[in-house]
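The values are calculated or read from the model by the stated rules, or taken from the named source; none is laboratory data. Please read all numbers here as calculations on a predicted model, not as lab measurements. All Cβ positions, glycine included, derive from the backbone under ideal geometry; neighbour counts span all protein chains shown.
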Amino acid sequence: MTEHLPALQVIIPLLLAPVVFLFNHARLAWILSVLVSWVGLLISLSLLFAVNDGEVIRYEFGGWEAPYGIAYKVDRLNALVLLIVSAMAAVIFPFSWQAIQKEIPPSLHVIFYTALLLCLSGLLGMAITGDAFNLFVFIEISSLSTYTLISLGKDRRALTAAFQYLIMGTIGGTFILIGVGLLYILTGTLNMADLALRIGEYEAQESRTLQAAFAFLVVGIGLKLAMFPLHLWLPGAYANAPSVVSAFLAATATKVAVYALLRFLFTVFGADYTYDGMHIDYLFIPLALISILFASIVAIFQRGLKRMLAYSSVAQIGYMLLGIGLANESGLTAATLHLFNHALMKGALFLVVAMIFFRTGGTSMRYITGLGKEMPWTMAAFVVAGLSLIGVPLTVGFISKWYLILASIERGWWPITIVVLIGSLIAVVYIWRVVEAAYFKPRPENMPPVKEAPAGMLILTWILVAANIYFGVNASFTAGIAGAVAAELLGGGV
Amino acid sequence: MALIVDALSWALLIAGVVLGITGAIGTIRFPDFYTRVHASSVTDTLCALCIIAGLILQAGFTLVTVKLVFILLFLWYTSPVATHALVRAAHHMGLPPYLSNNASADAQKGKS
Amino acid sequence: MIESLINIILFTMLAATSLAVVRLHNLFAITMLFGVYSLLSAVIFVELDAVDVAFTEAAVGAGISTMLILSTLVITGHHEKNPKHGPWLPLVVVILTGAVLAWGTLDMPLFGSLDNPIHQHVAPRYIQDSPEEIGIPNMVTSVLASYRGYDTMGEVVVVFAALIGVLALIGINEKKCAKRQYSSDERPPRPVLQVMSKLLIPYIMLFALYVQFHGDFGPGGGFQAGVIFAAAIILYTLTFSLDDAFDLISPRVLRPLAAIGVLIYGGTGIVTMLLGGTFLNYSVLAGDPKSGQHYGILAIEFGVGLTVATVMMLIFYAFVSRGEKGKVE
Amino acid sequence: MNIDFVGLYNYWVVIFLMMVGFYTVIAYDNLVKKVVGLNIFQTAVFMMYISASKVDGGSVPIYSESIELYSNPLPHVLILTAIVVGVAITALALALIIRIKEAYGTINEDDIIRMDLEEDARRDKL
């Protein structure tokens, strides 16, 4: 059965979604989803270990060889992203049961889990496929289920947020479809590896059609990953979705989109064309710097905790784009590493938010005030994950920023270092606002007393918090993979 | 013989096209909803007959002929019903027909 | 020459229709014009040899989409407010983007030329070998169901995901109306419509079955068949009433069927895996690869048809019951 | 540069349609109209793929012994999938619009934004 692992990674959650819907029993749906997420984690771990020495696993659907049929191709980058998605699912799915009891009406629990499984399989399918059109199909599976999940939020704004995301996401998806179509018109193939081989001729000619395809793909994927001027959907969506959904999306969805960007820029178009032909660094570096500063500052002024973290996500995506823009191995290592690290910290932070909502019924500053004494473990988790977000040494956040600073110095652009540091300082400000409210202000009189969050939820959150510290202290495993991925991406080749 | 069939078929096709255009012009130019529906029904009936008959003559007697005849039958079956449903719905919504000169003001109001 | 002329005229008509859609303010009129736009697209698809696509566009764009927009308008009202801000900024953005794109097309491979790379690399294999390898004449069905069968499975899952979304958002209100079908003044009997649609519905269903099973030889397949089958039930609902339709096919029956359709598709893949092939490799289903392909395609097309038909009916039920009976309790 | 009008006309109309759809999405406030615009935008892309699949003198890609030249079947398959994705998105968007109408009483984006801002202002007073 081991040769089927790449297919099983996606197919198990994909087919369990209708099964869950068929049984129509909420608790069973949850148990099945949790089992699936754990099996998925095992599969992605074994895939990662299988490809860690540089081997590439291929899987051909329908038995048709690569350019004729659809093929999966797993290398280190795929395996890392698969691990991020399935690890986050493995923590967040068990967490979800208690969290949704207060946020989603019971009649919709089965539908919630069906949509969650579809979203998981969509993201996994995006991260593993080696076929450009298949990527589009899985983008749409994950997007449709994401719109559904966001609209389940309690406030009516969840509806408008979902609608706005639907419009922008569909435009993004259609742009990707146009980009893929133009590539197909030029080369006659849809397989990414095959595209990479056949595209060289047009790169040399400076074909306008190829440039258009490049632009469409960057803008389309940029919409999906909330690249700075295209990020407008993200704050509303994360702020109004049910907390578990925010946690899952913040930890995985944008990461997979960044992966898709890396795949197109480096595997399909190749590093030479991306940097020397299209000068993507001149686009990404300014955008990244603006988004780091702008989104971080906006985050300070947010009333709600979720909205604040959402803007912080936009800033963090800026760090990843900066890593890509710096165009050297350390920069790409930083970007790849930050995929993993940001998933850990944002996952932990949003789970804390979910616990606060679970106990207090709200997440704006009013509800957080004085919580330090009432929910000590929850707030402690927030502090540690917050330190990681700032980039304090011994946390994962520090490792990513370390590589970024290294990359900017290598490139000789030391002012960028200063911007990265300023970004961290602003992060200190917005994390401190929460800490100050929680620890140094008394609980308002009119708020009802609260208890500590349930042990099960706490344990799962602290697993992520512990991972923040573990991979911050011992970064050799993640940095090793990220470094190898960066070398592979820059070296071109498939 | 082939020439006669061809000529006949082209005559039918051209007649069909003329009827179709007549219907289209009527749909745009007639004064109110009910008369417009009346104009458009020309395209569903005689125009469709002429064009399909013309096509049958072009295709010769094969399986395609049978299919074309079926299309014509279903068209004749469904479009009067659809027109009926349309007009009936309009009538129930209270859209007054365009009658004589003193009623025309009301019709204009109903349309806008 | 005459072909290029037809092509240019049709495309120009399409552009004109799209402009008309944008400039109107009555949403009912916009919806109907959008249906016209879809039908016109379908005609263009036929003219460009894409008969399967034309079939789907006619059934989906002109049929289902228009239907859904109309049933939404029943709830939301159909008058558009005049926009308060001026159209200039978006217009400038759009014209600039369009100009850049048009500049980008100038070195595109020209329309219709056989030398284009798109016709050279992968496509000839499908055209030359698929009648031999798969054993069915319709190449679109071969590619859809076998070479790129995994994409089609994704497509079925997308349809299923849409159902999940619609059920999560508006649900289906199964509560019966208190016998108002034929007695009240606002909904008088409709003898002509009811008799005629009773006569028509069996033929529509028969045609759906024909499209389902004839998809190997001519245009058609599970998706189109599913939509046509759903259209029969939609016609019944419109001419009789939602309660009658619920009596005929209850949403409680349809919901599990929608999931089962996806599972039939995926299950076929699992079976091929267990028999030693890769996922969706139908060749292992029988001793002879060609008949294996045949069985596989039959099975998955059935799954597609089942899911699409049930999902379309359920989505329609959800929209109409929201309009007629209000919120789900 | 010598521009081939007939060979590129389809792509220009595709761009025109895309821009019409795009304009409808960004310039109008009515949510239903936005969805219609989105559909036009998507249909434009379908046209692009299908135009590229056509071979002059080619025939419908259904095998027959008397036919030599066929149009390319692969874009047809891709667009079948894309059409289905399009209708799925339309259904979901319309369901969202119904809920928005019930929650806000309007489907005009300007009004919705205004109501949200007013709500924010009320919450600030708390």
If you check C:A54, C:A20, C:A59, C:A42, which single one turns out to be outside the structural domain of C:A309 (by TED's automatic domain parsing) and surrounded by fewer than 21 Cβ atoms within 10 Å (Cβ to Cβ)?
C:A20
Facing chain C (nearest Cβ under 7 Å) and either of a type in the set (G, A, S) or closer than 18 Å to C:Q120 by Cα (or both): which single residue out of D:S66, D:S51 fits that description?
D:S51
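Where residues in the stretch C:262-290 are under 20 Å from C:V158 (Cα atoms) and small (G, A, S), which of them is nearest to the other protein chains (Cβ to nearest Cβ)? So that I can check it myself, show each step before the final result.
Initially, the stretch C:262-290 is screened for residues under 20 Å from C:V158 (Cα atoms), giving C:262-270, C:279-280.
Next, from what is left, pick out any that are small (G, A, S): C:266-267, C:269.
Numbers: C:G266: 4, C:G267: 8, C:G269: 7 Å.
Once the filter is applied, the top-ranked residue is C:G266.
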Filter the stretch C:57-81 down to the residues that are without any contact (Cβ under 8 Å) to a residue 60 or more places away in the chain and either among the β-branched types (V, I, T) or assigned to a loop (DSSP other than H, G, I, E, B) (or both) and list them by number.
C:T66, C:I69, C:T76, C:G77, C:H78, C:E80, C:K81
Qualifying position, being modelled with pLDDT under 95 and either surrounded by 23 or more Cβ atoms within 10 Å (Cβ to Cβ) or of a type outside the set (A, V, I, L, M, F, W, C) (or both), among A:A241, A:A271
A:A241
Show the residue pairs meeting these rules: Cβ distance below 7 Å; 6+ apart or different chains; first residue within the stretch D:74-92 and within 16 Å of A:A132 (Cα to Cα) and modelled with pLDDT of 95 or more; second residue in a helix (DSSP H, G or I) and of a type in the set (K, R).
none
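Considering only residues that are facing chain D (nearest Cβ under 8 Å) and in a loop (DSSP other than H, G, I, E, B), look in the stretch C:88-117 and name the one that is surrounded by the fewest Cβ atoms within 10 Å (Cβ to Cβ). Spell out how you get there, then give the answer.
Kept after step one, since they are facing chain D (nearest Cβ under 8 Å), are these residues of the stretch C:88-117: C:90-91, C:93-95, C:97-98, C:101-102, C:105-106, C:108-114, C:116.
Now restrict to residues that are in a loop (DSSP other than H, G, I, E, B): C:106, C:108-111, C:113-114, C:116.
On the way: C:L106: 14, C:M108: 23, C:P109: 19, C:L110: 15, C:F111: 21, C:S113: 14, C:L114: 12, C:N116: 21.
So the residue we want is C:L114.
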With respect to the numbered conditions (1) at the interface with chain D (Cβ under 7 Å from one of its Cβ atoms); (2) more than 30 Å from A:T209 (Cα to Cα); (3) aliphatic (A, V, I, L, M), which one is the sole condition not fulfilled by C:L33?
(1)
Could you please give the count of residues in the stretch D:1-29 that are touching a helix residue (DSSP H, G or I) at 6+ places or on another chain (Cβ under 7 Å) and among the polar types (S, T, N, Q)?
2
Can you name every residue in the stretch B:64-99 that is within 17 Å of the chain's Cα centre (by Cα) and among the small types (G, A, S)?
B:S79, B:A82, B:A85
Within the stretch A:182-201, the count of residues that are in a helix (DSSP H, G or I), farther than 16 Å from A:L265 by Cβ and either free of Cβ contacts under 8 Å to residues at least 24 places away in the same chain or more than 10 Å from chain C (Cβ to nearest Cβ) (or both) comes to 4
For the stretch D:56-97, the count of residues that are surrounded by fewer than 22 Cβ atoms within 10 Å (Cβ to Cβ), in contact with a Leu (Cβ under 9 Å, 6 or more places away or on another chain) and either of a type in the set (D, E, K, R) or on the phi < 0 side of the Ramachandran plot (or both) equals 4
Given D:V36, D:V14, D:V45, which one is within 7 Å of chain C (Cβ to nearest Cβ), modelled with pLDDT of 90 or more and either surrounded by fewer than 24 Cβ atoms within 10 Å (Cβ to Cβ) or in a helix (DSSP H, G or I) (or both)?
D:V36
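Every residue, every condition in (1) out of contact with any helix residue (DSSP H, G or I) (no Cβ under 7 Å at 6 or more places or on another chain); (2) assigned to a helix (DSSP H, G or I); (3) within 19 Å of B:L72 (Cα to Cα); (4) not basic (K, R), yes or no:
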{"residue": "B:D6", "(1), (2), (3), (4)": "yes, yes, no, yes"}
{"residue": "B:S9", "(1), (2), (3), (4)": "no, yes, yes, yes"}
{"residue": "B:L13", "(1), (2), (3), (4)": "no, yes, yes, yes"}
{"residue": "B:V17", "(1), (2), (3), (4)": "yes, yes, yes, yes"}
{"residue": "B:T35", "(1), (2), (3), (4)": "yes, yes, no, yes"}
{"residue": "B:L46", "(1), (2), (3), (4)": "no, yes, yes, yes"}
{"residue": "B:L49", "(1), (2), (3), (4)": "no, yes, yes, yes"}
{"residue": "B:A53", "(1), (2), (3), (4)": "no, yes, yes, yes"}
Please pick out the residue among A:V39, A:V19 that is β-branched (V, I, T), within 14 Å of chain C (Cβ to nearest Cβ) and in a helix (DSSP H, G or I).
A:V19
What is the number of the single condition among (1) of a type in the set (A, V, I, L, M); (2) within 30 Å of C:L193 (Cβ to Cβ); (3) over 17 Å from the mean Cα position of the chain (by Cα); (4) more than 13 Å from chain A (Cβ to nearest Cβ) that C:A318 does not meet?
(4)
If you check A:I285, A:I324, which single one turns out to be of a type in the set (V, I, T), part of a helix (DSSP H, G or I) and over 28 Å from A:G122 (Cα atoms)?
A:I285
Name, by its number, the condition in (1) out of contact with any Pro (no Cβ under 6 Å at 6 or more places or on another chain); (2) within 14 Å of chain C (Cβ to nearest Cβ) that does not hold for A:S96.
(2)
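Looking only at residues that are in contact (Cβ under 8 Å) with a residue 60 or more places away in the chain, of a type in the set (F, W, Y) and assigned to a helix (DSSP H, G or I) in the stretch A:403-430, which one is surrounded by the most Cβ atoms within 10 Å (Cβ to Cβ)?
Residues of the stretch A:403-430 in contact (Cβ under 8 Å) with a residue 60 or more places away in the chain: A:403-404, A:406-408, A:410-411, A:413, A:416, A:419-420, A:422-423, A:426-427, A:429-430.
Applying the additional criterion that residues be of a type in the set (F, W, Y) yields A:403, A:413, A:430.
After this cut, where a residue has to be assigned to a helix (DSSP H, G or I) as well, the list is A:403, A:430.
On the way: A:Y403: 27, A:Y430: 24.
Selected residue: A:Y403.
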Scan the stretch A:122-168 residue by residue and report those that are more than 12 Å from chain C (Cβ to nearest Cβ), of a type in the set (G, A, S) and more than 30 Å from A:L47 (Cα to Cα).
A:A161
Looking only at the stretch C:120-139, and only at residues there that are polar (S, T, N, Q) and farther than 21 Å from C:G221 by Cα, the one that is nearest to the other protein chains (Cβ to nearest Cβ):
C:Q120
